[in-house]
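Have a look at the structure below before the remarks.
Bear in mind these aren't lab numbers, they're just calculated from the coordinates by the rules spelled out. None of these values were measured; they are calculated from a predicted model. All Cβ positions, glycine included, derive from the backbone under ideal geometry; neighbour counts span all protein chains shown.
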Amino acid sequence: MKLLDWKSQYSVGVESVDFEHRQMIDLINELYTELSERRDPDSIEQFLGDIHSAISMHFALEERIMQEAGYEEFSAHKEDHEDLLDQIRNMMDVFADDTEAGFPELGKRLSDWFGAHFSTFDARLHGKLGAH
């Protein structure tokens, strides 16, 4: 079961960043499947930790590339990254505190979170950091 699909407008024009965006979509879709099937809460918590780590590393790559390119919206984009990581940590805490309520809430928040960042901050990167 898929929650998110890759769309060409998600491309920022840097192969390594676009590759990692696709990987994140795959991870989120895999987590969504686990949530939909109500798999073991401990494995979901572990998966959330893995997603948090992967996204943290991706953000570091994206931020380095933006800095090197002198991207004018770097500060705001970085601030959004930090907010998103806080949101993931909050999702992890909510799920750990009440797994039953956490199953549906987590799926909805992942979709909202990822879609919003892609359609705003990352959309503005489109074509500004690399050639398509």
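Things to note:
- Treating each Cα of the range 77-132 as an identical point scatterer and summing with the Debye formula, the log10 of I(q)/I(0) at q = 0.17 Å⁻¹ comes to -0.62.
- Among 113, 6, a tally of other beta-carbon atoms within 10 Å of each Cβ gives an order, fewest to most, of 6, 113.
- Nitroxide proxy distance, nm - points 7 Å out along Cα→Cβ at residue 75 and residue 16: 2.6 nm
- Note on Cα extents along the principal axes in Å: of the candidates (i) 35, 32, 25; (ii) 43, 41, 26; (iii) 44, 26, 19, the value calculated from this structure sits at (iii).
- Residues in the range 36-70 that a label on residue 96 would reach, taking backbone N under 15 Å of a point 7 Å out along Cα→Cβ: 41-53
- P(r) of the range 47-114 over all Cα-Cα pairs, binned every 5 Å from zero, in whole percent: 3, 16, 24, 22, 14, 10, 7, 3, 1, 0
- Classification of the range 1-68 by its C-alpha gyration tensor yields an oblate form. The axis ratio a/c (a ≥ b ≥ c) is 1.5 or more, and b/c is at least a/b.
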